[in-house]
1. If you line up the long axis of helix B:134-143 against the longest principal axis of chain B, both from Cα atoms, how many degrees apart are they, to the nearest 10?
2. Would you mind telling me which residue in B:Ala103, B:Ala73, B:Ala25 has the biggest mean-square fluctuation in a Gaussian network model of chain B, where springs connect alpha carbons within a distance under 10 angstrom?
3. Relative to the Cα centre, what is the charge dipole magnitude of the protein assembly as shown, using +1 at the beta carbon of each Lys and Arg, -1 at the beta carbon of each Asp and Glu, and rounding to the nearest 20 debye?
4. For chain B, what does -39500 (n - 2.57) per DSSP helix run (n ≥ 4), summed and divided by total residues, give at 222 nm, in deg cm²/dmol to the nearest 500?
5. When B:Ser104, B:Ser204 are ordered from fewest to most other Cβ atoms inside 10 Å of their Cβ, what list results?
6. Express the relative contact order of the range B:75-187 as a whole percentage, based on alpha carbon pairs under 8 Å and six or more residues apart in sequence.
7. What residue among B:Phe198, B:Phe115, B:Phe156 has the largest mean-square fluctuation in a Gaussian network model of chain B, using Cα springs under 10 Å?
8. Would you mind ranking B:Leu17, B:Leu134, B:Leu211 by Cβ crowding within 10 Å, fewest neighbours first?
Amino acid sequence: GVERKYHDEL
Amino acid sequence: MNIFRLAGDMTHLLSILVLLLKIYATKSCSGVSRKTQELYAIVFLARYLDLFTDFISVYNTFMKIVFIASSLAIVWCIRVHPMVKRSYDKDLDTFRHYLLVAASFLLALFLHEKFTFLEIFWAFSIYLEAVAILPQLVLLQRSGNVDNLTGQYVFFLGAYRGLYILNWIYRYLTEPRFTRWIACVSGVVQTALYADFFYYYFISWKNNSKLKLPA
């Protein structure tokens, strides 16, 4: 699967 | 990105603008905790180390740079600007903030998503942000009277945290497998710290009176 983008928040 | 997250980021930005405006317009940082501002500068520097390794969006990159630059500018004003510096009351701002830094770093060494340099600093920044407002709240309580802009600064900061919680609820309901224990639990703790302040803020707003915190 696609590795999730961890820290997409600020 | 959902509306809560965007609104949260905007109130966060607004809080920083209000603080900069206060310092710029009055050439004074009375009522502002330098320690809280230094903690925020550390928070942003530690969290956005990924500025060089991960690209999320132009928006994210832009906001990260704005947060780092503005937090450093505020610390610079309080420490270096001759007129602002004079208004800083270090006798009111006595919170031992290095203890918060040490405790947050220790916690990050044990509680993190991955044992890597970036992840440990990321977790550290989350824990530190959760408690970074404490020196400011203690200072406000000590001085009793809160000027309007400083009150609004803290209000917008608290609103930003509340909106992030709504954002997480929304993401939890709409995204499969949305689990972020570290960020969400720390975020709830952080928001809870504002509860007392919000209570008195709304009372003063309702009575149309000046914000005063009980000693």
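1. 10
2. B:Ala25
3. That gives the protein assembly as shown a dipole magnitude of about 560 debye.
4. When only DSSP H runs of four or more count, the value is -24000 deg cm²/dmol.
5. Ordered from fewest to most neighbouring Cβ atoms within 10 Å, B:Ser104, B:Ser204 come out as B:Ser204, B:Ser104.
6. Value for the range B:75-187: 23 percent.
7. B:Phe115
8. B:Leu17, B:Leu134, B:Leu211
Laboratory data are not the source of any read-out in this text; all were calculated from the coordinates shown. Bear in mind that the values here come from a model prediction, so they are computed numbers and not experimental data. Please note: Cβ atoms are built from the backbone with ideal geometry, for glycine as well, and neighbour counts cover all protein chains shown.
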